[in-house]
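Note sheet for the following structure.
The values are calculated or read from the model by the stated rules, or taken from the named source; none is laboratory data. Note that this is a predicted model, so its numbers are computed, not measured. Methodologically, a virtual Cβ is constructed for each residue, glycine included, from the backbone with ideal geometry; neighbour enumeration extends over all protein chains shown. Calculation scope for accessible area: heavy atoms of the full protein, side chains included, ligands and nucleic acids excluded. Shrake-Rupley method; radii C 1.70, N 1.55, O 1.52, S 1.80 Å.
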Amino acid sequence: MNAKKWTISFVIIILICLLFIMGTNFFVDPYGYFGSCKGENYTMDEEDYLREQKAEHIKYHGNEYDAFLVGGSKAGAIHSDKLSEIDGYKYYNCWLLSGNFEDYYTYCKYIINTAHPKKILLHISTSEIAQFDREAKGDIYEVPAVISGKSKVAEVTKFLFKNLSVSWDTITSKEESYPVQKTGERNLSKYYAFYQTHKDKNAYYDYLMKAQVDPYLPRLINGTKDKADLVNSNITYLKKIKQLCDKNQVELNVFLGSLFIGEMVGYEGNSFYNWLTQMVEITGGLWCFNNYNDLVYNPFNYYNARHYYYEMGDLMIERMSGKSTAYDDFGIYLTPDNIASEIATRRAKTEEIRQYYKKTGTIPLSDYEDASNITRNSPYLNQ
């Protein structure tokens, strides 16, 4: 075989290999990227590229909704249909894995320009004060090209030529998938299934929460780090979101979601109080469910140290809609008039937790049978 034939054969082999890689990644679709066309792929779970699926869903179905919930992964536990109790609007839950304020602004802008909603409901997780840019965590955390305006061709090419090991892992994986719901909510079935068979407080906490909480607890003694740069970045984008909504006559409501006490104490400090004060000033008022109340001490209200169950999301909605509940200390509506007194209350409660931690080396937790466990009779435990 002469050199010319060798060259042609080599080129053909390379082309076959490339086609094999492209074909495998396209049909296996390990990130759910190619199946997200027109936003109708409802088999994707939190391990897939949901940011792309949600963007496509908004593009093709955004006019079916009156309002949108935007937030980080905590917001995934909020039922879209339940949100209508607040204002009668039909909602889509646009939660983002490890969302940050720049993401929130980018998606709010895209939603307003694409779906022309009446309202944006912005969910703050509080973890936004810990880290700003999270795209470096991996491909599924990136803003998709349909929103960012970057090259769609480059994005498609990137997913076509992903390492085949990812597709192979998808093919051979025996893990069950838990697809998100059509209206965007997170599927928490696997967490409720674990809960069903783990009702001992210590076993539940140790398995699901301890590893996440342990790094926070020393801050009760050492204090929290100064987060002025993160506070300024977050506030800059919150102002942009407010200006964007005002310009387009879109109602904006902001609220802070509930935090388990083990995560909550990791943020208490001057940076957080400054951040909270500025958010109240910008919005004129907001609901804060990241407050000291009986429910946050019960680990069974959370499926890990950083995320709450559906029942907590439902209760937040009931409080925001003005309904009377059995837990009226859950959440507080903050205004420029009461923010200072709330911060003083938080400082005092944090000091109580600090003294408890000094004596015991841990934090106070409520038991499964305690009245503060609002998930004990959850219908999801029997599914």
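Beyond 32 Å, the tail of the calculated P(r) for the chain holds 38 percent of the Cα pairs. Derived scalar couplings between HN and Hα for region 32-37 equal x, 5, 6, x, 7, 3 Hz in order, rounded to whole Hz, by the Karplus curve 6.51 cos²θ - 1.76 cosθ + 1.60 (θ = phi - 60°), x for Gly and Pro.
Averaging the sequence gap over all C-alpha pairs within less than 8 Å and six or more residues apart, then dividing by the number of residues, gives the chain a relative contact order of 19 percent. Axis angle, to the nearest 10 degrees, between helix 339-360 and the longest C-alpha principal axis of the chain: 90 degrees. Taking Glu352, Glu128, Glu318 in turn, the Gaussian network model of the chain (Cα-Cα springs below 10 Å) assigns the largest fluctuation to Glu352. Would you mind telling me the antiparallel percentage of the DSSP bridges in the chain, rounded to 5? That works out to approximately 20 percent antiparallel. Each 5 Å bin from zero up to the one holding the largest Cα-Cα distance in region 1-157 carries the following percent of pairs: 2, 9, 15, 19, 18, 11, 8, 5, 4, 3, 3, 2, 1, 1, 0, 0.
In degrees from 0 to 90, rounded to the nearest 10, what is the angle of the helix 3-28 Cα long axis to the longest principal axis of the chain? Between helix and principal axis, roughly 30 degrees. The chymotrypsin sites (Phe, Trp or Tyr not before Pro) of region 317-383 include none that meets both criteria, a DSSP state outside H, G, I, E and B (loop) and at most 12 other C-beta atoms within 10 angstrom of the site's C-beta. Using only the C-alpha atoms, the convex hull of region 211-330 corresponds to 120 Å³ per residue.
What the Cα atoms of region 69-206 give is an Rg and a Dmax of 17.8, 52 Å. In square nanometres, what is one fourth of the surface area of the convex hull spanned by the alpha carbons of region 136-269? The Cα convex hull of region 136-269, projected and averaged over all directions, gives 13.3 nm². Cross-chain or 8 or more residues apart, Cα under 18 Å: how many lysine pairs in region 1-135 fit that? Count them up, please. Value for region 1-135: 18. Seen against the Cα atoms of the chain and their longest principal axis, helix 101-115 is set at about 70 degrees. Ellipsoid fit via the Cα gyration tensor, region 261-360: semi-axes of 21, 20, 12 Å, each the root of five times an eigenvalue, largest first.
Annotation: Cys17 carries an accessible surface of approximately 70 Å², with a 1.4 Å probe and no ligand, DNA or RNA atoms counted.
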